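Undergrad: Sharing a structure below in structure tokens format, with a few things to ask.
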Amino acid sequence: MGMAETTPAIETRNVIKSFGSVRAIDDVSLTVESGIFLTLLGPSGCGKSTLLRSIAGFSPVTSGTIMVGGRDVTHQPPHLRPVNMVFQDYALFPHMSVRRNIGFGCEMKAMPKPEIEKRVDAMLDLIRLPAVGHREPGELSGGQRQRVALARALAPDPVSLLLDEPLGALDLKLRIELQHELKSIQRSTGKTFVFVTHDQDEAMSMSDLVAVMKDGRIEQLDTPQAIYARPATAFVAGFVGAANLIPARLAQLDADNALITVEGRDWQVPASRITTSHMPSAGDAITLMIRPEDVALGQAPEGALTLTGKVADQTFLGGRIHMGCETAGGTKIMIETRPGGMPDADGAIDFHFRPDAVAILSHSEKA
Ligand code: ATP
């Protein structure tokens, strides 16, 4: 075990959780460093909630180990684990005052009463609701209730807070407001947050790190910026934004450059743009990923990668225009650009992009 400050808040080691023949968690080893805002992001059914519930102890694992604050809690019941969960539906006690709701976890830990009162006051300040302590949850708005739920989870000072789509029940405006508030509370308390959402914008805007999940596995764990710019798989590329996927072949590869054949053209792309964890070899079929906003129209500058095609449809979005195109080779390309550089009357169009905007994905990874 390392020094106290380097002990990860949470570690899962080879965790498997089966429900009958379904592997909801399929061998997940995840280390969450202390003080981090980590988001588990993925489509419905990918296992995010199950992973969170396993860490909390509500869903006993089939095999593997769960560590919290450097301690093995795999076989401990939820109330003995130094984590607290926040749910979408608040789960506040309806006939208890806000103060008692917030102090409840501390009461359960048999903390001295003056200490509990002090913590409740601090929590009410933290959630910027100092005046609602004597109300019952039914006398609060949805956003206020979720703030109280957060305060209740934080009051006993857990190692980590586990948040399962806590903003899912709120309307968009409130949701965005609480995203900022949640992030700022995480920063000011320095607590480790593990947050579950299926909303990529929410994940990207709030998190220090995002773990993109699919079929019970973590496909990629990285910063939001890296996940967007350097997706490890076509699935990740498409889940965190719009992604054009172009079938191609790797002709040659050296330390600096990849020579790639696309629709009969030879492209040179920096080898550093191989973002997949599985290194492809010369001759392999690969997939190139390019974001719609990185595709440009018109005269290509020196060194740009170029394709020709036809415009299938276009949508004006005020300051931007969205075009659906098809290349001569039949690949669909989405382009997001500023108005201007219109196609010819027959819809023929030349487009190009910078070699360093492309991500090279190995073909073995399906979209
Ligand atoms: P959502 O966003 O819809 O909540 P999720 O990513 O959180 O999805 P989980 O709820 O963790 O996904 O479910 C993962 C898989 O495990 C799914 O196939 C689900 O049907 C299955 N599963 C979850 N809980 C149970 C259970 N109690 N019994 C049987 N199968 C379950």
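The values are calculated or read from the model by the stated rules, or taken from the named source; none is laboratory data. No experiment lies behind these values; they were computed from the predicted model shown. Positions of Cβ are backbone-derived with ideal geometry, glycine not excepted, and every protein chain shown enters the neighbour counts.
Undergrad: Among all residue pairs at least 6 apart or on different chains, which show Cβ distances below 7 Å where the first residue, located in region 40-52, is in the same structural domain as G168 (by TED's automatic domain parsing) and the second is of a type in the set (S, T, N, Q)?
TA: Once the first residue is in the same structural domain as G168 (by TED's automatic domain parsing) and sits in region 40-52, its partners that are of a type in the set (S, T, N, Q) give L41/T197; L41/Q200; T50/S59.
Undergrad: Mind counting the residues in region 38-61 that are more than 11 Å from the ligand (Cβ to nearest atom) and under 22 Å from K183 (Cα atoms)? Steps first, please.
TA: Quick first cut of region 38-61, residues more than 11 Å from the ligand (Cβ to nearest atom) only: 38-39, 55-57, 60-61.
Right, trim to under 22 Å from K183 (Cα atoms) and you get 38-39, 55-56.
Matching residues across region 38-61 total 4.
Undergrad: Going through region 6-17 one residue at a time, which ones are within 16 Å of the ligand (Cβ to nearest atom) and within 12 Å of T65 (Cβ to Cβ)?
TA: Listed by number, the residues that qualify are T12, V15, I16.
Undergrad: Looking at A232, A251, A226, A242, which one is surrounded by fewer than 20 Cβ atoms within 10 Å (Cβ to Cβ) and either acidic (D, E) or part of a loop (DSSP other than H, G, I, E, B) (or both)? Before you say what the answer is, go through the steps one by one.
TA: Numbers: A232 fails: surrounded by fewer than 20 Cβ atoms within 10 Å (Cβ to Cβ); A251 fails: either acidic (D, E) or part of a loop (DSSP other than H, G, I, E, B) (or both); A226 fails: either acidic (D, E) or part of a loop (DSSP other than H, G, I, E, B) (or both).
Only one candidate passes the filter, namely A242.
Undergrad: Continuing with this model, one more query. Can you spot a residue in region 43-66 that is farther than 22 Å from I218 by Cα and outside any loop (DSSP other than H, G, I, E, B)?
TA: no
Undergrad: So S29 passes all but one of these: (1) in a strand (DSSP E or B); (2) away from the ligand (no atom under 13 Å from the Cβ); (3) under 21 Å from F87 (Cα atoms); (4) of a type outside the set (A, V, I, L, M). Which condition number does it fail?
TA: Answer for S29: the failing condition is (3).
Undergrad: Given G20, G35, G69, G64, which one is within 15 Å of the ligand (Cβ to nearest atom) and not polar (S, T, N, Q)?
TA: G20
Undergrad: Moving on to the next point. Scan region 54-77 for residues that are free of Cβ contacts under 8 Å to residues at least 40 places away in the same chain, surrounded by fewer than 20 Cβ atoms within 10 Å (Cβ to Cβ) and under 23 Å from the mean Cα position of the chain (by Cα) and jot them down.
TA: Correct list: F58 only.
Undergrad: Which of the residues that make up region 295-308 are assigned to a strand (DSSP E or B) and either within 34 Å of the chain's Cα centre (by Cα) or surrounded by fewer than 10 Cβ atoms within 10 Å (Cβ to Cβ) (or both)?
TA: Scanning region 295-308 gives A296, L297, L305, T306, L307.
Undergrad: Test each condition in (1) without any contact (Cβ under 8 Å) to a residue 40 or more places away in the chain; (2) part of a strand (DSSP E or B); (3) surrounded by fewer than 18 Cβ atoms within 10 Å (Cβ to Cβ) for M323 and report the one that comes out false.
TA: (3)
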